[in-house]
Amino acid sequence: MTQTTHQSAFDDAEDRQVAEQLRDTEARLLDQYDGRAGVTADQVTQVIASVRDRFADARIRSFLPILVERATRQELDA
């Protein structure tokens, strides 16, 4: 396996892990904001999508779940 192939396999595994963590983050936020006055599930989902788009070009993706969660909370709690 070449270095490029090895790195690509690593990147794919990391991307899958980050995607799973982002799904978990979304589920957690939806659960925590469920029933909160003035915040709908659609709003939570839209804010998460907007925040994720801000980080679309991030070179280091392993921190995306925590960054997305924090930024989403800040927007929803504002």
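The values are calculated or read from the model by the stated rules, or taken from the named source; none is laboratory data. Everything quoted here is computed from the prediction, not taken from an experiment. Cβ: placed from backbone, ideal geometry, glycine included. Neighbour counts: every protein chain shown. SASA here: full protein model, heavy atoms, side chains in, ligands and nucleic acids out. Shrake-Rupley method; radii C 1.70, N 1.55, O 1.52, S 1.80 Å.
A few remarks follow.
- Any hit, the range 25-33, residues being of a type in the set (Asp, Glu), at negative phi, in contact with a helix residue (DSSP H, G or I) (Cβ under 9 Å, 6 or more places away or on another chain) and assigned to a helix (DSSP H, G or I): yes
- Residue among Val47, Val39 that is over 19 Å from Glu20 (Cα atoms) and of a type in the set (A, V, I, L, M): Val39
- Annotation note: Cβ proximity below 8 Å between a residue of the range 1-29 that is open to solvent by less than 70 Å² (accessible area, probe 1.4 Å) and modelled with pLDDT of 55 or more and a residue that is acidic (Asp, Glu) and assigned to a helix (DSSP H, G or I) (sequence gap 6+ or interchain) occurs for Thr25/Glu69; Leu29/Glu69.
- Considering (1) open to solvent by 90 Å² or more (accessible area, probe 1.4 Å); (2) of a type outside the set (Ser, Thr, Tyr); (3) free of Cβ contacts under 8 Å to residues at least 12 places away in the same chain, the lone condition that Arg54 does not fulfil carries the number (3).
- Per the conditions (1) part of a helix (DSSP H, G or I); (2) charged (D, E, K, R); (3) in contact (Cβ under 8 Å) with a residue 24 or more places away in the chain, the sole criterion not satisfied by Asp42 is (3).
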